[in-house]
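Student: Have a look at this one before I ask anything.
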Amino acid sequence: MLSNPSQLLVRNAHLFEQGQWLLANAEDAQVFSELDGDIDGFHQNWQIYSQLKTQNNHEFAVALASEKRYDGIVLYMPKAKEHAAMLLANLACHLKPGGCLMLVGENNSGVKSAPKLLADYGHKAVKLDAARHCSLFNMVLSAEVKPFNLDQWAKEFEVNIAEHNLRIYSLPGIFSHKSLDDGTKLLLENLKPIPTAPVLDFACGAGIIGVYLAKKNPAIQLTMSDVSAIAVHCAYRTAEINGVTADVLASDGLKDITRKFAAIYTNPPFHTGTHTDYSITEQFLRDANAHLGVNGSLTLVANAFLDYPPIMEKHLAAPLVMAHTTRFKLYHCQK
């Protein structure tokens, strides 16, 4: 079933029948088959992109690189307004003069701030439609668009854990942008010895966990994975800045990972966009066993209220609580 924002676009399908259009960060792959017209896709979510990647009009990247210019671009409102601002600055560079720059999203997603977010690109934004608790805003491009520079949106910050000092590269739209979150801090401060073997930082975000593991034990073979193009880019840059060698790849859960690991470390998500979504981590826990070698281990930090131990016990082993705070628990289990 289409997401509510996608249903709103289908309700306005006539808008996309003329000219060349781009949908940016669509929340579902199906919307492209529901709309007629010349429509490309730009994706920062590998799960959506992987359903469309056999088509040559879809791009997965941290920033749109296509040289095409569009008559209209629709951006699905992301969770963070700073992420939306970065995307709009990138996407506006790919509009034809007088093109339409649109924002669509659920009303509780921040889409009502569209007039302010779009103010740099033309005259006052107009609400074209509203339905299913969603809104669609349009701005006709009339202002001069500045060249887009991704690094101007980046924030580098320092993390000090035990004897290690790391520099972290972060962009809007990534988990815990600009700072070390308390869950990851709990994991890093309570690590068991790190095996000298392949290890995986799953849902790596900016790469803090993986790079710290490599600093603690430089002999590891490090892989970092995430569903987000922004995370893949940030993790690669974080590894580079800290002199760490790593394979950094996009993956829908563990589907795109083939090798086995001696240990997996993760601070996994429980949100998809603005919605609570436990299914990503639950599926990861079901699949983790097949990606761990003999005596392989899983170390996971999660909000204390999340009931992950029964799933871990069913598919791996009964977990030990290595450390906890009022908000987080750190689990460790051995295959």
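The values are calculated or read from the model by the stated rules, or taken from the named source; none is laboratory data. Treat the numbers as computed from the prediction; the structure is a model and nothing was measured. A quick note on method: Cβ atoms are made from the backbone with ideal geometry, for glycine too, and the neighbour counts reach across all protein chains shown. Side chains included, ligands, DNA and RNA excluded: accessible areas come from the protein's heavy atoms. Shrake-Rupley method; radii C 1.70, N 1.55, O 1.52, S 1.80 Å.
Student: From the list Ala24, Ala84, Ala65, exactly one residue is among the hydrophobic types (A, V, I, L, M, F, W, C) and free of Cβ contacts under 8 Å to residues at least 12 places away in the same chain. Which is it? Even if it seems obvious, please write down each step before you answer.
Tutor: Working: Ala24 fails: free of Cβ contacts under 8 Å to residues at least 12 places away in the same chain; Ala84 fails: free of Cβ contacts under 8 Å to residues at least 12 places away in the same chain.
Just a single option satisfies the conditions, and that option is Ala65.
Student: Also: List every residue pair whose Cβ atoms sit under 6 Å apart, with the two residues 6 or more apart in sequence or on different chains, where the first one lies in region 314-335 and is in contact (Cβ under 8 Å) with a residue 60 or more places away in the chain and the second, anywhere, is of a type in the set (Val, Ile, Thr) and surrounded by 21 or more Cβ atoms within 10 Å (Cβ to Cβ).
Tutor: Within 6 Å, the pairs are Phe328/Val301; Leu330/Val301; His332/Thr299.
Student: On to the next question. Take the residues in region 48-62 that are among the aliphatic types (A, V, I, L, M) and free of Cβ contacts under 8 Å to residues at least 40 places away in the same chain; name whichever of them is surrounded by the fewest Cβ atoms within 10 Å (Cβ to Cβ).
Tutor: Leu52
Student: Which fully enclosed helices (runs of 4 or more DSSP H) of region 1-102 have 3 or more residues being over 16 Å from the mean Cα position of the chain (by Cα) and modelled with pLDDT of 95 or more?
Tutor: 4-11, 31-34, 81-92
Student: Next question, about the same structure. Pick out the one residue from Phe328, Phe284 that is in contact with a Gly (Cβ under 6 Å, 6 or more places away or on another chain), at pLDDT below 95, buried (at least 20 other Cβ atoms within 10 Å of the Cβ) and under 30 Å from Glu27 (Cβ atoms). Lay out the reasoning, then the answer.
Tutor: Details: Phe328 fails: at pLDDT below 95.
Result of the check over Phe328, Phe284: Phe284.
Every residue, every condition in (1) in contact with a Phe, Trp or Tyr (Cβ under 6 Å, 6 or more places away or on another chain); (2) at positive phi, yes or no:
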position: Gly98; (1), (2): no, yes
position: Leu101; (1), (2): yes, no
position: Asn107; (1), (2): no, no
position: Lys112; (1), (2): no, no
position: Lys127; (1), (2): yes, no
position: Ala130; (1), (2): no, no
position: Phe137; (1), (2): no, no
position: Val140; (1), (2): no, no
position: Ala143; (1), (2): yes, no
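Student: Can you confirm whether Lys68 is open to solvent by 40 Å² or more (accessible area, probe 1.4 Å), in contact with a Leu (Cβ under 9 Å, 6 or more places away or on another chain), farther than 18 Å from Ser142 by Cα and not acidic (Asp, Glu)?
Tutor: yes
Student: Could you pull out the residue among Gly243, Gly207 that is of a type outside the set (Lys, Arg), more than 17 Å from the chain's Cα centre (by Cα) and on the phi > 0 side of the Ramachandran plot?
Tutor: Just a single option satisfies the conditions, and that option is Gly243.
Student: Take the residues in region 103-133 that are among the hydrophobic types (A, V, I, L, M, F, W, C) and under 22 Å from the mean Cα position of the chain (by Cα), then tell me which one is most open to solvent (accessible area, probe 1.4 Å).
Tutor: Top of the filtered list is Leu117.
Student: Let me ask something else about it. Tally the residues that are closer than 22 Å to Asn56 by Cβ and not hydrophobic (A, V, I, L, M, F, W, C), restricting the search to region 8-17.
Tutor: Qualifying residue count for the region: 1.
Student: For Glu144, work out the one condition from (1) farther than 30 Å from Ala302 by Cα; (2) in a loop (DSSP other than H, G, I, E, B); (3) open to solvent by less than 40 Å² (accessible area, probe 1.4 Å) it doesn't fulfil.
Tutor: (3)
Student: Can you pull out the residues in region 162-192 that are part of a loop (DSSP other than H, G, I, E, B) and either among the hydrophobic types (A, V, I, L, M, F, W, C) or without any contact (Cβ under 8 Å) to a residue 24 or more places away in the chain (or both)?
Tutor: Taking region 162-192 and keeping what is part of a loop (DSSP other than H, G, I, E, B), we get 162-163, 171-181, 189-192.
Of everything in region 162-192, those that are part of a loop (DSSP other than H, G, I, E, B) and either among the hydrophobic types (A, V, I, L, M, F, W, C) or without any contact (Cβ under 8 Å) to a residue 24 or more places away in the chain (or both) turn out to be Ala162, Glu163, Leu171, Ile174, Phe175, Lys178, Ser179, Leu180, Leu191.
Student: Check off (1) crowded, with 20+ Cβ neighbours inside 10 Å; (2) touching a residue at least 60 places away in the same chain (Cβ under 8 Å); (3) within 19 Å of Ser279 (Cβ to Cβ) for Ala231 and give me the number that stays unchecked.
Tutor: Only one criterion in (1) crowded, with 20+ Cβ neighbours inside 10 Å; (2) touching a residue at least 60 places away in the same chain (Cβ under 8 Å); (3) within 19 Å of Ser279 (Cβ to Cβ) is unmet by Ala231, namely (2).
Student: While we're on this one: When you look at Ala250, is it at pLDDT 95 or above, within 20 Å of the chain's Cα centre (by Cα) and not aromatic (Phe, Trp, Tyr), yes or no?
Tutor: yes
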